[in-house]
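Participant: Take a look at the following structure, please.
The values are calculated or read from the model by the stated rules, or taken from the named source; none is laboratory data. Just so it is clear, the structure is predicted and the values come from calculations on it, not from any experiment. Every residue, glycine as well, gets a Cβ built from its backbone with ideal geometry; the counts of neighbours run over all protein chains shown.
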Amino acid sequence: MFEIVFLGTSASAPSVYRGLAAQMVLASEYRFLIDCGEGTQRQILKSGMGFRRLNRILLTHGHLDHILGLGGLISTFVRWEDGIEGIEIYGGETTLQRVAELIYGVVFGGQRPGIPIDMYKLRPNDIIIQDKQMTLTAIPVIHRGAGCFGFVFEQASHRPFNVDKAEALGVPSGPQRGMLVAGKPITLPDGTVIRPDDVLGEKIAGAKLVVIGDVGETESLIPYVQDADCLVIEATYLEEEAEMAAAVGHITAKQAAQLAADANVQTLILTHISRRNAEWAVRNEAQEVFPNTYVARDFDHFVVARGKPVERLSRE
């Protein structure tokens, strides 16, 4: 299961109702901040999520509406007692160069920050985290300039334990069942060896959440987005503005919806909404192609689980 909280959903500049690009993803014991537009730290506080354990920052690209909030946020982290002990920032090479100028040149004026700040240059298909619970992968995205990325969160697959089979084979409740689930054979008191395949079902894939920021085309994304439980992607333009969208490296709501349909996505969530376009117009255009579409608002909180409809939690 994954959770995603939208902290800012506006394109290019904030509006009265929408802050600039930022989302928080909760995955297992991790908390990730994806992009950090101007004003993000206030949005984090207003959301009630707080700063604790928010030490991994994933950047889709280096445009200012996606990174300018890092200056204030990191300044707060450095001065926050009993808070963040270190920060990890992941992004493309040019993105990290711009972030370094902002943090070290502007925020700290060439001085050493009070906490470690580690920057990790991403390459296409880099695995950022892989453990027993999940895998997080950086995927290449075509926008404006090199080093643009999206992020795929995949929950580890599992094999369900068949209680009826276990009882029929005489496997007692307790630690031995846990060993079988962990893939280890056990030996019963009568010498019978029980192997995991004897009591475990077929593999069931875990939840898959794909988060993509600004993007200029969708064809190359299909293999990465395929069968996702939830796709989060921009919808800066409407189809009547398709020519303008292509000229500046963006897509329309209809194109986002077509990607979801072509890749067998379960739920589509649109963000990066232009102040020119009404929310209902964006939603209607996408739903004509892909009915199970939401248009995110600031502080929307969604729960993504495998095999279940994405749940939109009520806002405060």
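Participant: Determine whether G39 is surrounded by fewer than 21 Cβ atoms within 10 Å (Cβ to Cβ) and modelled with pLDDT under 95.
Facilitator: No, not satisfied.
Participant: Additional query: Please specify each residue of the range 172-208 satisfying the condition of being crowded, with 16+ Cβ neighbours inside 10 Å and either among the aliphatic types (A, V, I, L, M) or within 34 Å of the chain's Cα centre (by Cα) (or both).
Facilitator: Scanning the range 172-208 gives R177, L180, I186, I194, P196, V199, L200, G206, A207, K208.
Participant: A follow-up question, please. Residues being buried (at least 19 other Cβ atoms within 10 Å of the Cβ) and assigned to a strand (DSSP E or B): count how many of those fall in the range 153-171.
Facilitator: Of the residues in the range 153-171, 3 are buried (at least 19 other Cβ atoms within 10 Å of the Cβ) and assigned to a strand (DSSP E or B).
Participant: Right, another one. Determine whether V193 is touching a strand residue (DSSP E or B) at 6+ places or on another chain (Cβ under 6 Å), free of Cβ contacts under 8 Å to residues at least 24 places away in the same chain and more than 24 Å from R18 (Cβ to Cβ).
Facilitator: Considered against the rule, which asks whether it is touching a strand residue (DSSP E or B) at 6+ places or on another chain (Cβ under 6 Å), free of Cβ contacts under 8 Å to residues at least 24 places away in the same chain and more than 24 Å from R18 (Cβ to Cβ), V193 comes out as yes.
Participant: How about the range 123-149: which of its residues are part of a strand (DSSP E or B) and in contact with a Gly (Cβ under 7 Å, 6 or more places away or on another chain)?
Facilitator: I139, V141, I142, H143, A146, G147, C148, F149
Participant: Looking only at the range 51-97, filter to residues that are part of a helix (DSSP H, G or I) and among the β-branched types (V, I, T); which one of those is farthest from E234 (Cα to Cα)?
Facilitator: V78
Participant: Does M24 satisfy the condition of being part of a loop (DSSP other than H, G, I, E, B) and assigned by TED's automatic domain parsing to the domain that holds I117?
Facilitator: Considered against the rule, which asks whether it is part of a loop (DSSP other than H, G, I, E, B) and assigned by TED's automatic domain parsing to the domain that holds I117, M24 comes out as no.
Participant: Moving on. Being part of a loop (DSSP other than H, G, I, E, B), among the hydrophobic types (A, V, I, L, M, F, W, C) and in contact (Cβ under 8 Å) with a residue 40 or more places away in the chain is the filter here; which residues of the range 282-313 pass it?
Facilitator: A296, F299, A305, V310
Participant: Shifting gears a bit: Among the residues of the range 280-316, which ones are over 19 Å from T9 (Cα atoms), among the hydrophobic types (A, V, I, L, M, F, W, C) and more than 20 Å from the chain's Cα centre (by Cα)?
Facilitator: Result: V289, F290.
Participant: Considering the range 142-163 alone, what residues qualify as being at pLDDT 95 or above and of a type in the set (V, I, T)?
Facilitator: Of everything in the range 142-163, those that are at pLDDT 95 or above and of a type in the set (V, I, T) turn out to be I142, V152.
Participant: Could you list, in sequence order, all residues of the range 29-60 that are on the phi > 0 side of the Ramachandran plot and touching a residue at least 60 places away in the same chain (Cβ under 8 Å)?
Facilitator: Within the range 29-60, D35, G48 qualify.
Participant: Right, here's the next one. Please find, within the range 17-45, the residue that is nearest to the chain's Cα centre (by Cα) out of those that are within 30 Å of D131 (Cα to Cα) and among the aromatic types (F, W, Y).
Facilitator: F32
Participant: Taking the range 264-314 on its own, how many of its residues are out of contact with any helix residue (DSSP H, G or I) (no Cβ under 7 Å at 6 or more places or on another chain) and among the aromatic types (F, W, Y)?
Facilitator: 3
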